[in-house]
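Just below is one structure, and these are the notes that go with it.
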Amino acid sequence: MNKIDKSVSSEVKYISLDLDGTVTNSAYDKMLWNEEIPKLYSEAHKVTLEEAKKITYAAMYSALFIEKIGNFTDVVYWLKRHKLNSNDWEKLLKRMKKHFFVYPDAYKFIKNNYKKYKLILLTSTERRMLDIKLSNDHIVKYFYEIFSTPSDFNISMKNRDSFTKMLRKLDATADEIIHIGDDYHMDYLVPKSLGIKAYHIERLKRKNKYSIKSLSELSSIL
């Protein structure tokens, strides 16, 4: 049986949610970075798709772990870096929209809790991409704040600083917020280290007995 923490303090005012893998599926990003960008590189620089993938993957690794680029998820940055047509960024991102959807349990969770708590979206998606992802989706109106770590905090991926800055922006304390996300380190261990109650969601296959598989599992304790 899943042993999630069922104690929620009455002091909790905010629920912070990760986007990809938590509220929505992750196919959009995977297709963009793993397929579309390499394909554009292959066509523009006349190399095989296999070679293009090696080059673009290596550049992403370097930007994230060595150069520590703050706008890591900014598609315009990558189009320019790879000497591709950066004017086509909006068309490219909109074309990928077909791969994006909100999980039914997430939509229900958001609708059921937005009046009781102030809902926050905390994501590592850059703002331009985020706006296109969420365009025409009805969930935006339910969120009190939407934070993009690269656009709002100049932080490529969620870390301790991003949670600290979020708390500062909200003028909130750690015990006033719950965070839920699908990355065990960034969405669970990091916020917990700051005193934030956190839940780790694993939708496909639960590996951790303390994780949840669906946001509906939290309905009974909120």
(request) Pop out the ³J(HN,Hα) list for segment 132-144 in order, Karplus 6.51 cos²θ - 1.76 cosθ + 1.60 with θ = phi - 60°, rounded to Hz; leave Gly and Pro as x. (result) 6, 4, 8, 5, 6, 9, 7, 7, 4, 5, 8, 8, 6
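What is the sum of charges, Lys and Arg at +1 and Asp and Glu at -1, for the other residues whose Cβ falls under 12 Å from the Cβ of residue 57?
Around residue 57, the charge tally is -1.
Contour minus end-to-end for residue 209 and residue 57, with contour as 0.36 nm per residue of separation and end-to-end as the Cα-Cα distance? Could you put the intermediate results ahead of the total?
Working: separation 152, 0.36 × 152 = 54.72 nm, distance 3.28 nm.
Gain on stretching residue 209 to residue 57: 51.4 nm.
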(message) As a footprinting exposure proxy, order 160, 203, 168 by other Cβ within 10 Å, with the fewest listed first.
(response) 168, 160, 203
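Could you grab the relative contact order for the chain? Cα pairs under 8 Å, six or more apart, rounded to a whole percent.
Details: 320 pairs, mean separation 63.1, N = 222.
So the answer I get is 28 percent.
Under a Cβ-Cβ cut-off of 14 Å, what is the net charge of the residues other than residue 34 that fall near it, where Lys and Arg count +1 and Asp and Glu count -1? Working shown, then result.
On the way: positive: 30, 39, 53, 54; negative: 20, 29, 35, 36, 50.
Charge balance in the 14 Å sphere: -1.
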(message) Just to be sure I understand the model, the point goes 7 Å from the Cα along the line to the Cβ. What's the resulting residue 145 to residue 189 distance in nm?
(response) 2.6
(request) Rank 88, 171, 18 by mean-square fluctuation in a GNM of the chain with C-alpha springs under 10 angstrom and give only the top-ranked residue. (result) 171
(request) Can you put 12, 190 in order of Cβ neighbours within 10 angstrom, beginning with the fewest? (result) 12, 190
(message) Please arrange 129, 60 by how many other C-beta atoms lie within 10 Å of their C-beta, fewest to most.
(response) 60, 129
(request) Could you run the Karplus curve 6.51 cos²θ - 1.76 cosθ + 1.60 with θ = phi - 60° over segment 112-120 and give me ³J(HN,Hα) per residue in whole Hz, x for Gly and Pro? (result) 6, 10, 5, 7, 7, 10, 7, 8, 10
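Rounded, prolate or oblate for segment 27-98? Axes are the square roots of the Cα gyration tensor eigenvalues, ordered a ≥ b ≥ c, and the cut-off for rounded is a/c under 1.5.
Numbers: a/c = 1.42, a/b = 1.09, b/c = 1.30.
Rounded shape, in that the Cα axes give a/c under 1.5.
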(request) Under a 10 Å cutoff between Cα atoms, tell me which one of 201, 212, 132 has the largest fluctuation in the Gaussian network model of the chain. (result) 132
(request) Mind listing the long-range amide H neighbours of residue 146? Cut-off is under 5 Å, sequence gap 5 or more, other chains count too, H placed in the peptide plane at 1.01 Å from N. (result) 121
(request) Using Cα pairs closer than 8 Å and at least 6 residues apart in sequence, work out the relative contact order for segment 179-222, in percent. (result) 29
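Is it possible to state the helix-based mean residue ellipticity at 222 nm for the chain, with each DSSP H run of 4+ residues giving -39500 (n - 2.57), the sum divided by total residues, to the nearest 500 deg cm²/dmol? What is it? All intermediate terms of the calculation are to be shown ahead of the outcome.
Values: 10 runs with 79 residues, N = 222.
Taking each H run of at least 4 residues, the total per residue is -9500 deg cm²/dmol.
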(message) Can you give the local net charge around residue 163? Use residues other than it whose beta-carbon is closer than 14 angstrom to its beta-carbon, Lys and Arg +1, Asp and Glu -1.
(response) -1
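For the pairs 53/133; 13/197; 30/94; 97/133; 46/83, note any where the Cα-Cα span goes beyond 18 Å. Provide the component values of the computation, followed by the final result.
Values: 53/133 24 Å; 13/197 12 Å; 30/94 15 Å; 97/133 6 Å; 46/83 13 Å.
From 53/133; 13/197; 30/94; 97/133; 46/83, over 18 Å: 53/133.
Read-outs throughout are calculated quantities, based only on the coordinates presented, and are distinct from any laboratory measurement. Please read all numbers here as calculations on a predicted model, not as lab measurements. All Cβ positions, glycine included, derive from the backbone under ideal geometry; neighbour counts span all protein chains shown.
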